[in-house]
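The values are calculated or read from the model by the stated rules, or taken from the named source; none is laboratory data. These numbers were taken from a predicted model, which means no experiment stands behind them. Note that we place each Cβ from the backbone using ideal geometry, even for glycine, and neighbour counts take in every protein chain shown.
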Amino acid sequence: MTDQPPNGLPRYRLLTGPDDEKFCHRVSDALELGYRLYGSPAVTFDGDQVIAAQALLWRDEQS
């Protein structure tokens, strides 16, 4: 595994979006790239739907 994320992606990412299958796939895709979860997910209700957020950090060689 390299010490830098692929495709110029940042080392820290915060994924947000409706709490649905697409959001779960985005988080799963980031984990497959080599990111790791950072903290617990957060959710809120915007009046129409539940919005989720998940922070991710690039997994470096020391992790």
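Observations
- Qualifying residues in the range 43-63 (those that are within 14 Å of Q4 (Cα to Cα) and without any contact (Cβ under 8 Å) to a residue 40 or more places away in the chain) - the one farthest from the chain's Cα centre (by Cα): Q62
- Qualifying residue in the range 32-42 (condition: surrounded by 12 or more Cβ atoms within 10 Å (Cβ to Cβ), closer than 22 Å to D60 by Cβ, touching a residue at least 24 places away in the same chain (Cβ under 8 Å) and aromatic (F, W, Y)): yes
- Residues (at pLDDT 95 or above and loosely packed, with under 13 Cβ neighbours inside 10 Å) located in the range 5-14: P10, Y12, L14
- Residue check, G47 modelled with pLDDT of 95 or more and surrounded by 10 or more Cβ atoms within 10 Å (Cβ to Cβ): no
- Test result for G17, out of contact with any Leu (no Cβ under 9 Å at 6 or more places or on another chain) and loosely packed, with under 11 Cβ neighbours inside 10 Å: no
- Enumeration of residues in the range 50-60 that are modelled with pLDDT of 95 or more and either among the hydrophobic types (A, V, I, L, M, F, W, C) or in contact with a Lys or Arg (Cβ under 8 Å, 6 or more places away or on another chain) (or both): V50, I51, A52, A53, A55, L56, L57, W58
- Restricting the search to strands (runs of 3 or more DSSP E) fully inside the chain and requiring at least 1 residues that are among the basic types (K, R) gives 12-18, 35-45.
- Those residues of the range 20-35 which are closer than 22 Å to G47 by Cβ and touching a Leu at 6+ places or on another chain (Cβ under 8 Å), in sequence order: F23
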